[in-house]
1. Just order A:89-97, B:124-132 by mean Cβ neighbour count inside 10 Å, highest at the front, would you?
2. Could you work out Rg/(2.2 N^0.38 Å) for the protein assembly as shown, with Rg from alpha carbons only?
3. Which ordering of B:K101, B:K338, B:K263 is given by a fewest-first count of other beta-carbon atoms within 10 Å?
4. Once whole DSSP H runs in chain A are found, which of them have Cα atoms spread over 24 Å or more along the helix axis and a mean Kyte-Doolittle score of at least 0.5?
5. For region A:2-222, what's the relative contact order in percent, using C-alpha pairs closer than 8 Å and at least 6 residues apart?
6. Let me know the mean shielding of A:261-273 by other chains, meaning the per-residue number of their Cβ atoms within 10 Å of its Cβ.
7. Quick check: Cα centre of region B:215-248 to Cα centre of region B:292-318, how many Å?
8. For chain B, what is the relative contact order in percent, using Cα pairs closer than 8 Å and at least 6 residues apart in sequence?
Amino acid sequence: MENWVIYILNGLYFASFLFLTSLGLSIILGVMGILNLAHGSLFAIGAFIAAWIIGSLGAKAPVTIFFLGLFAALGLSGLMGLILETTIIRPMYRRALEYQLLITFGALLLIEDLIKITWGGTAYYASKPFDIMGNVSIGDNQYPLYFLFVMLIGIVAGLGVWLIMSKTRIGVMLRAISTDREMAKAMGIRVGRLNTLAFGIGAALAGLAGALIVPTTPALLGIGMEPLILAFIVVVLGGLGSLKGALIGSLIVGETRSIGIVFFPEIELPLLFLIAVIILVFKPEGLFGR
Amino acid sequence: MGLGLGAAELLGSSVKVRKATAAQTRSIPKSPIKAATVSFLTGPAAAPFGIPGDNAYQLCAEEINKQGGIFGRKIELKSFDEAGGADANVKLARKFILEDKVDVILGYVSSGNCKAVLPLSDELGGLIIAYDCGTHVLMEKERSPYKVPKYGLGFRSSAHLGIDNIGLVRYVKQYYPGIKKVAGINPDYAWGRDSWKVFETAMKKLMPEVKVVKKLWPKLFTTDFTAHVSALIGSGAEIIHSALWGGDAVTFTKQAIGMGLFKKARMAFSRGEPYPQEVGMDYPEGQLICCAGTHYFLYPPKDKWPLNKWFVEAYHKKYNKYPSYACYHAYQAIYTYKAAVEKAGSLVGGWPSQEEISKAASGLSIETPSGILTIGEDHNGKEDVLIGISKKVKGHSFPILDPDRMAIFPAHQVNAPAGIRTEDWIKSWKA
């Protein structure tokens, strides 16, 4: 029984990362209709910024430096998102999907090179927050408090996005754009400005997820590829552009992976695709897709 | 033996440039020796292997040049990034041989890259010395016995993964003969699968009573090992074999510490030598660590083997870190080339051809900072292997191998004979 609690917690922990990453991807896709392949690089930027700050200052500085790393990653990834949207994404809105894929894939490569130029090709370690938070005992097992902290951040970020989307004027306008872009424009909503904002929020969430991961794994070139692939599975499975879908999709992928590794280790990765295929066969639009 | 520079000679204050000893019948070019070194300079393999390996190449080339070069020719190294995949490396190697006309290519960490590039040695007539890639199938053929060498101008100047995994099983048998359950967590590609296969085959032969209770195959560059750690804890394994490397090895170790795995089981890392230094004092004690040979900054001891003293001190002075096994592998590659040229040059009385260098390298033994390296007739390095167990010792900023529990397994116990496949050799052992 204790083992099962740990398996479920592992799934929730992994789902938290997936949720933060896929939430951003889903907002960008839902509001702007842009399939952003550079999302993994925005995750990587967050990871490197946080690792650089925590690694450079963290050994002597108090744990609050970790929060500085988180906010810096959130802010600078968001800023990078704003720059991307206003420079290379904006001309793509009226173009076909393949143009979007090409331009965002180009952006992915550009950002990877930017990371390489800025931080070099080596690993950045920033494990202090993970180490000092300690563990909690669950029966005979121990579980790092940092993992629970990540879950908490996932819940807070999810609630924050839900509040913005459902309770604020900006959220209503974003949803209006997502539902009918032309109608929203006709109603006087400044779509261009809100597109930029949506891209910035999505990028910031990816950066936050990247920052949260570095206390448990070194920041390395290519760190954003795995989250990007899994976030795509989540978004497709949950339904394109659906926030609820991102949440449920993340939980399904997280828990399937966690339990799958224990009982079907030979098909660790194929299992996720298998689940996605089964769901898409019965619900081709995804669980909560329109 | 002794065709390479001996420790005393290398360190001696009076520097002598070797001359061709036979009556000089051939000219020796005045131009520097062009050597291309290829390592991961970016990406996940850069920090643990690629950059340290490249650093060691630079250090060794400087030392060789300081000593007068090879027959008076200085070595001119050019470093290249191995990242980019097999196709990119094949194109790069073609360019080195056909356009740049390099004297030798010293390179490659990735087994996939080695397998793609080494056939070019004979196809294009260029000398290639693979320095760090570990797959045992690189120099082996489909069936035993097979004709050696597989490549006339292609070499690997280190032993393959066979020594790591056979060595680990021998260590377990020696120090933990009572264990009943083992598990494995290995990256899901050829390196991980091959490492496990050799470990499991040797384990079945030497400790047939031991049961394999879990085999996990995380994909390369996994950032979350929590589910794997839980599965391993749940399996009840006493010793867990792993060929994880680079960021994966560090990530797994950190997360496993947090989840208490090391209180319940011991890891047996087939190439774990770099990671205590990477992780620092948090690295757990009591873990089995293989050094991919006898490559360790504390072994052979500096008072008994001055060459290791020189290498460790020179590397540390220059790069502020202790050399990891990849650095020792780089030393082996460049000094194998040097020794082979000197041997061949002495015989032919001048600068030797690629084929003559190759013939001289086959069967060569040289002194290295780790001991003696022999290049077999199969053009593959044969080495002893050092296995130890991590321990926090006063005076060191990270756990080192417990000096009282280090074990050296001699080359003949861990390397298959030339012409026999490693797995066939293990299966032929008498229980």
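1. B:124-132, A:89-97
2. Normalised by 2.2 N^0.38 Å, the Cα Rg of the protein assembly as shown equals 1.03.
3. So the residues, fewest neighbours to most, are B:K101, B:K263, B:K338.
4. Answer set is A:2-27, A:39-57, A:64-84, A:97-119, A:145-167, A:191-213, A:243-263.
5. Computed over region A:2-222, the figure is 44 percent.
6. 4
7. Value for the Cα centre distance between the two parts: 32 Å.
8. Dividing the mean separation by the residue count of chain B yields 22 percent.
Just so you know, all these numbers are worked out from the coordinates, no wet-lab data involved. This one's a predicted model, so the numbers in the text were calculated from it and none came from an experiment. No Cβ is skipped: glycine too gets one built from the backbone with ideal geometry, and neighbour counts run over all protein chains shown.
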